[in-house]
Amino acid sequence: MGRHLFLSVIIAVLGILICSCSPPPQFRLNSEGRDPATISPAQREAISSLLTDFFGTPDQPTVPRGVTLSLDDITKAAGPVGRDLRKVERGLYRKYCAACHGITGDGAGPFALFFDPYPRDFRKGVFKYTSTVLGAKPTTEDLEKILRNGMPGTGMPSYKLLPDRDIRRLVEYVKYLSMRGETELYLLRLVLDENELLPLNKQSVLEDGVLAVAESWQLPQSDPDAWVVKPRPPILTTDGLKAAVERGRELYRDRRAKCATCHGPEGRGDGEQWDLYDDWNTPKKGVTEQQTRDLARRFTLPIQRLRPRNFHQGIFHGGDAPEDIYLRIYLGIKGTPMPAAGPAPGVPGVLTPDEIWDLTFYVLSLAGKLPQEITKNPSDGASP
Amino acid sequence: MKAPDSSINVQKTFSLPVTNWTCRLVWTLWGVALVLMALGHTVTTYGAGMVIPDWPTTYGHLPFLLPPKEWFEHWDIFLAYSHRLVAIISGLLSLVVAAAFWRTRQNLHKWLATAAVFLVCLQVALGGLRVLTGDLLLVTIHACTGPVYFGLVTVLAVIAGSHRKRPSLDEPSPVKTRKRASVVSIFVASLAYLQLVLIAQLRHVSPQLIPTAPLVIVWAQVIIWGILGAVILGICLFLPGSCRAALGRMGLWLISGLYMVNVLLGILAWIVNFNLPPRFAHGVLTVEYTVVQAGAAQAVLTTAFVLVTSLLFATSLVLVVSNWLRE
């Protein structure tokens, strides 16, 4: 009996050891929308080896020369979950984010199908809720805010219990994944669409791809006055707010704003434009249903339709403070059909900042979240 | 030839020379195993399984020798180290219980206690190897074996304690009824265990896994709830009274109660982890809720859900063994 027991233990331990040889996680090649069979092994190798040269691996990330990302923060956010012998925590991204956003940041983690909308795919470098003008990357503060507050009504949790240091590290890693993803898209265009001769010139990829992407991330930080919108709510009494809501009601139906087209005449999200898709799902939509079904095979996640917000539910993914709603109307929601109504550098807006405030108060009144009065201005920044 | 009277056999099975001290010991082991399992689930909830990089030492210290300051310095280290300590206590207690039962004449108790020792050793080995190799598969097996150990200890505690309070066996149920009760209890135990296996897959999901797999697991979980609910309802409404008696009134109440708590906690655990499912998120049931990562609600509800599922499995396992003993 004792001998059998001993043998069983040995067999069990051996079995476990054999099974324990799974390889470390790898970044996945972005073949979204493409037939993987059309990418040759040489092209695959050319893209992945350059990306590894510049950005390293999920366990050992590197930062390309000339890119202003903190390697120390990225290293602590990357890799397997745990602490080292000095008790320094590592693997924050895998602990908190990877199950939904995936190791590559492709928004196709194992839990992705639990959510509507899907977790963000960082690889396009597009983030929905920002304080920056159209086409600009989010600021560090924008990403930190999303992490701290989460997104009400979605699976994106609030990380408000995490220390600031960990939030900073996660934001740095998200930026890293996004820069890597955009560089990958650049390489895919170069190799697959423009049939660039292999091997690629590493220096030119660094200058035209990696550093160009890094610079676009740097712009809002280096010149916030030009790229970042700072909301300054008007100081209003209760009567003043009522008047603003009335003006907002008119604007809501106004031809310039076109809010009712998608959000419906009463703001219930039941407008005539209902077949809406964001930038991540638009490529999955074919002209016919059969085309859409055929396209589906080329994407990890099935197509997902956008639903314009029903204001009466009072749920705003980007935050429900007056400043948040103002930014949504002023800047739009990036990567979605929600347009920017405010002015941007070189582009006149369809609404003035005052009109946007009126519309903001009307939307808040529909959600039952209108403040009694606005007595002080929370922002010291200049009005855009 | 006269058939042997089954009631006499049953009487013999239950009239064990198990001392009160052994009984207290085995219930103490049950309490420690419960704490061990609760700590293990909490470790998973907080993602703290890999915070101590070395094993069997802890940051270079032997078990029980880690300075208290280091023990209490970080919440995740506190959880992982406490889990290790309680595992050692549980292992030692299992050995003592097995030794106590090996002194008696009861084969079933002896082998159950020996199996408990084997399982706790396997658990320790799995936990240690997981730390050393970092492999997710090991911790998934660890999470699947844990409830089996707990179930075994529960069965041992219940049958060891049953010598004090003998069940009413004057009128044994007919063979057919007992068999039916056996089948039902085995079915419930299997479903409860399958549920635990599925939960273990979800809680230790590989970030490389394709998104369809977890969705299938969740739907399988929902189907199990449906089947379990139908079985329990069927027992309560349609099974003959004699069959219900064969299952044990107390056991039935416990299983029904634990099942309802299990479903409730499962739904709440989903909401505090993933928010409302998309179908509800755009419907009338929409609520303004933001998931708070590692918040009290998430930690307590998620851990409680897995713990109650383990209790449901252990209770149904007790029913299986009780029926088997009666047969």
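Just so you know, all these numbers are worked out from the coordinates, no wet-lab data involved. What you see is a predicted model, and the numbers here were worked out from it, not measured in a lab. Note: ideal-geometry Cβ built from the backbone for every residue, glycine included; neighbour counts use all protein chains shown.
For every helix of n ≥ 4 consecutive DSSP H residues, a contribution of -39,500 (n - 2.57) applies; sum these over chain B, divide by its total residues, and give [θ] at 222 nm rounded to the nearest 500 deg cm²/dmol.
Numbers: 12 runs with 244 residues, N = 327.
The helix contribution divided over chain B gives -25500 deg cm²/dmol.
Quick one: what does P(r) look like for the protein assembly as shown with 20 Å bins over all Cα pairs, in whole %?
15, 41, 30, 13, 2, 0
Given labels modelled 7 Å from the Cα in the Cβ direction, how far is it in nm from A:GLU246 to A:THR375?
2.5 nm
Quick one: compute the contact order of chain B, relative version, from alpha carbon pairs under 8 angstrom and 6+ residues apart, as a percent.
Details: 341 pairs, mean separation 81.1, N = 327.
Relative contact order, chain B: 25 percent.
Any chance you could list the semi-axes, whole Å, largest first, of the equivalent ellipsoid that the Cα gyration tensor gives for chain A, using √(5λ)?
Values: eigenvalues 346, 126, 106 Å².
Equivalent-ellipsoid dimensions as semi-axes: 42, 25, 23 Å.
Considering the zone a paramagnetic label at A:ARG34 would reach in this model (a point 7 Å from Cα along the Cα-to-Cβ line), which residues of the stretch A:185-209 have amide N under 15 Å from it?
A:185-198, A:200
Give me a single rounded figure for A:111-118: the average over its residues of other chain Cβ atoms within 10 Å of their Cβ.
Working: counts 10, 5, 9, 10, 6, 5, 2, 2.
Partner-chain Cβ atoms within 10 Å, mean over residues of A:111-118: 6.
Using a Förster distance of 56 Å, how high is the FRET efficiency between B:LYS179 and A:ARG165, based on the Cβ-Cβ distance and rounded to 0.05? Could you put the intermediate results ahead of the total?
Working: r = 62 Å, r/R0 = 1.11.
E between B:LYS179 and A:ARG165, to the nearest 0.05, is 0.35.
List the residues, sorted by chain then number, that are 5 or more residues from A:GLY56 or on another chain and whose placed amide H is less than 5 Å from its amide H.
Excluding prolines and chain starts, which carry no amide H, the hits are A:THR62.
Once phi is turned into θ = phi - 60°, what whole-Hz ³J(HN,Hα) does the Karplus curve with 6.51, -1.76 and 1.60 give for every residue of the stretch A:289-297, x standing for Gly and Pro?
Ordered by residue, 3J(HN,Hα) equals 5, 5, 4, 4, 5, 5, 5, 4, 5 Hz.
On the principal axes of its Cα set, how long, how wide and how thick is chain B? Give whole Å, largest value first.
For chain B, the Cα spread along each principal axis is 68, 56, 29 Å.
Would you list A:LEU364, B:LEU258 from fewest to most Cβ contacts within 10 Å? Mind showing how you got there, number by number?
Details: A:LEU364 24, B:LEU258 21.
The most exposed by this proxy come first: B:LEU258, A:LEU364.
Would you please give the FRET efficiency between A:ARG256 and A:LEU192, computed as 1/(1 + (r/R0)^6) with r the Cβ-Cβ distance and R0 = 56 Å, to the nearest 0.05? Let's see the in-between values first.
Values: r = 41 Å, r/R0 = 0.74.
So, using R0 = 56 Å, E works out to roughly 0.85.
Mean 1/r over all different Cα pairs, inverted: what Kirkwood radius does the stretch A:7-223 give, in Å? Let's see the in-between values first.
Values: mean 1/r = 0.0534 Å⁻¹.
Its Kirkwood hydrodynamic radius stands at 18.7 Å.
Of A:LEU198, A:LEU276, A:LEU327, which is the most mobile in a GNM of chain A whose springs link Cα atoms less than 10 angstrom apart?
Among A:LEU198, A:LEU276, A:LEU327, the largest GNM mean-square fluctuation belongs to A:LEU198.
Can you list the lysines whose alpha carbon sits under 27 Å from that of A:LYS242, skipping same-chain ones fewer than 8 residues off?
Leaving aside lysines fewer than 8 places away in the same chain, those within reach of A:LYS242 are A:LYS230, A:LYS258, A:LYS369, A:LYS376.
Using a Cα-Cα cut-off of under 23 Å, which lysines could be cross-linked to A:LYS87, ignoring same-chain neighbours fewer than 8 residues away?
Output for A:LYS87: A:LYS76, A:LYS95, A:LYS160, B:LYS69.
Antiparallel DSSP bridges in the protein assembly as shown: what percent, to the nearest 5?
90 percent
Take the stretch B:172-327, compute every pairwise Cα distance, and split them into 5 Å bins from 0; I just need the percent in each bin.
So the P(r) values, bin by bin, are 2, 9, 16, 19, 17, 13, 9, 7, 5, 3, 1, 0.
For the stretch B:1-169, what does the relative contact order come out to in percent, with C-alpha contacts under 8 Å and a separation of six or more?
Numbers: 158 pairs, mean separation 55.5, N = 169.
Over the stretch B:1-169, the number comes to 33 percent.
Between the alpha-carbon centers of the stretch A:205-244 and the stretch A:39-68, tell me the distance in whole angstrom.
One Cα centre to the other: 31 Å.
Peptide A:68-77: average number of partner chain Cβ atoms within 10 Å per residue? Spell out each step's value before the answer.
Values: counts 0, 0, 0, 0, 0, 0, 0, 0, 0, 0.
The per-residue average across the peptide is 0.
With θ set to phi - 60° and the Karplus curve 6.51 cos²θ - 1.76 cosθ + 1.60, what are the ³J(HN,Hα) couplings of the stretch A:260-274 in order, to the nearest whole Hz, using x for Gly and Pro?
So the Karplus estimates, Gly and Pro as x, are 5, 4, 9, 7, x, x, 9, x, 9, x, 10, x, 6, 8, 10 Hz.
Return an integer: the convex hull volume of the alpha-carbon atoms of the stretch B:121-162, in Å³ per residue.
So the per-residue hull volume is 45 Å³.
For the stretch A:286-341, what log10 I(q)/I(0) values come out of the Debye formula at q = 0.28 1/Å, with one point per alpha carbon and no solvent?
Treating every Cα as an identical point scatterer, log10 I(q)/I(0) equals -1.15.
Angle between the Cα long axis of helix A:41-55 and the longest principal axis of chain A, 0 to 90 degrees, nearest 10?
Its long axis makes an angle of about 70 degrees.
How far apart, in nm, are the 7 Å Cα→Cβ label points at A:SER49 and B:GLU70?
Each label point is offset 7 Å from its Cα along the Cβ direction, giving 4.5 nm.
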